[in-house]
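Peer 1: One structure, pasted below without further comment.
Throughout, read-outs are computed from the coordinates displayed, never taken from laboratory work. These figures come from a predicted structure and were not determined experimentally. With ideal geometry, Cβ positions are generated from the backbone for all residues, glycine too; neighbour counts draw on all protein chains shown.
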């Protein structure tokens, strides 16, 4: 028999198991600040140093979290995007309707693919004011989906490097190398968008008022004291991309 609080030694990692609602409340509500930090998977590599998902509970983590909460996931921001959500859902409905008219109504509809493409474009329009794929595109949206799924899988799979840090440098299972390649694929897209936006600003074009503009404004206003360099921007965009499923929990049509 075990009590509501157990301690396990997994290699070099001390793991605490809470199996009682009362004890869980102590951890998550009354002493949440003491247990807010988390172990960083070795597979995340250098990405963890700028990622709000993996930074320890620190002033930098709180500053980046505040920016995301206030400018992307805040209720007032989601309410302001009601028109955009309606527009993207209507595009999805019209696309499915066109497919239904093909081949006498016998054309197959890959619901998972078009739903993901819709959520991807909704998120990219929020951040970059542009679509990153087309509902008719069977390649690009699926590539994004595969990258996101692989990142989540690589970050969550058991890794001997996490349990025995002394041999982590060897990357015996190759998770760090695999994750670095996945991040690089996303970062190439983000870098191109950022460079395009910077060129537009230099040319005196009007602000779009999206999440990217907010981050660039903060970087200019604080003279980069907020630490919003290119690596941090990449990490923020990566986090929002992998958190796209959170937007799906918001009613698309109020």
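Peer 1: Taking neighbour counts of Cβ atoms within 10 Å as a proxy for exposure, in what order, fewest first, do 88, 145, 208 appear?
Peer 2: 208, 145, 88
Peer 1: Please compute the volume of the convex hull spanned by the alpha-carbon atoms of the chain and report it per residue in Å³.
Peer 2: It is 193 Å³ per residue.
Peer 1: Next question, about the same structure. Spin-label point model (7 Å from Cα, Cβ direction): what's the residue 167 to residue 34 distance in nm?
Peer 2: 3.5
Peer 1: In nm, what is the difference between 0.36 nm times the number of residues separating residue 196 and residue 14 and their Cα-Cα distance?
Peer 2: Working it through step by step, the gained length comes to 60.9 nm.
Peer 1: Order of 198, 135 from fewest to most other C-beta atoms within 10 Å?
Peer 2: Ordered from fewest to most neighbouring Cβ atoms within 10 Å, 198, 135 come out as 198, 135.
Peer 1: Measure off 7 Å from each Cα along the Cα-to-Cβ vector at residue 78 and residue 58, then give the distance between these two points in nanometres to one decimal.
Peer 2: Placing both labels 7 Å beyond Cα along the Cβ direction yields 3.0 nm.
Peer 1: OK, next. For the chain, find the longest principal axis of its Cα atoms and tell me its angle to the long axis of helix 211-221, 0 to 90°, nearest 10.
Peer 2: 70
Peer 1: Going by a ≥ b ≥ c, the root eigenvalues of the Cα gyration tensor, does segment 66-215 fall in the rounded group (a/c under 1.5), the prolate group (a/b larger than b/c) or the oblate group?
Peer 2: Cα axes put segment 66-215 in the oblate bin.
Peer 1: Output the relative contact order of segment 65-199, whole-number percent, from Cα pairs under 8 angstrom with separation of 6+ residues.
Peer 2: 14 percent.
Peer 1: Only Cα pairs within less than 10 Å get springs; with that Gaussian network setup on the chain, which residue of 101, 200, 143 has the largest fluctuation?
Peer 2: Taking springs between Cα atoms under 10 Å, the residue moving most is 101.
Peer 1: Rounded to the nearest 500, what is the 222 nm mean residue ellipticity of the chain from helices alone, with -39500 (n - 2.57) per DSSP H run of 4+ residues and division by all residues?
Peer 2: Estimated from H runs of four or more residues: -17500 deg cm²/dmol.
Peer 1: Can you pull the one-decimal nm distance between simple spin-label points at residue 115 and residue 203, each 7 Å off the Cα toward Cβ?
Peer 2: The two pseudo-label positions are separated by 3.9 nm.
Peer 1: How high is the relative contact order of the chain, given as a whole-number percent (alpha carbon pairs under 8 Å, six or more residues apart)?
Peer 2: Result for the chain is 23 percent.
Peer 1: Distance between Cα centroids, segment 72-116 to segment 1-71: provide it in whole Å.
Peer 2: Using only Cα atoms, the two centres lie 36 Å from each other.
Peer 1: Mind checking the angle between helix 82-101 and the chain's longest principal axis? C-alpha axes, 0 to 90 degrees, to the nearest 10.
Peer 2: 70
Peer 1: Another question, then. Work out the P(r) tail for segment 1-146: percent of alpha carbon pairs separated by more than 22 Å, whole number.
Peer 2: On the way: 6735 of 10585 pairs.
So the portion of pairs separated by more than 22 Å is 64 percent.
Peer 1: Right, another one. Roughly what percent of Cα-Cα pairs across segment 31-101 reach past 15 Å?
Peer 2: Taking all Cα-Cα pairs of segment 31-101, the fraction more than 15 Å apart is 70 percent.
Peer 1: Can I ask one more? Please give the helix 140-156 orientation as an angle from the longest Cα principal axis of the chain, in degrees from 0 to 90, rounded to the nearest 10.
Peer 2: Compared with the principal axis, the helix lies near 10 degrees.
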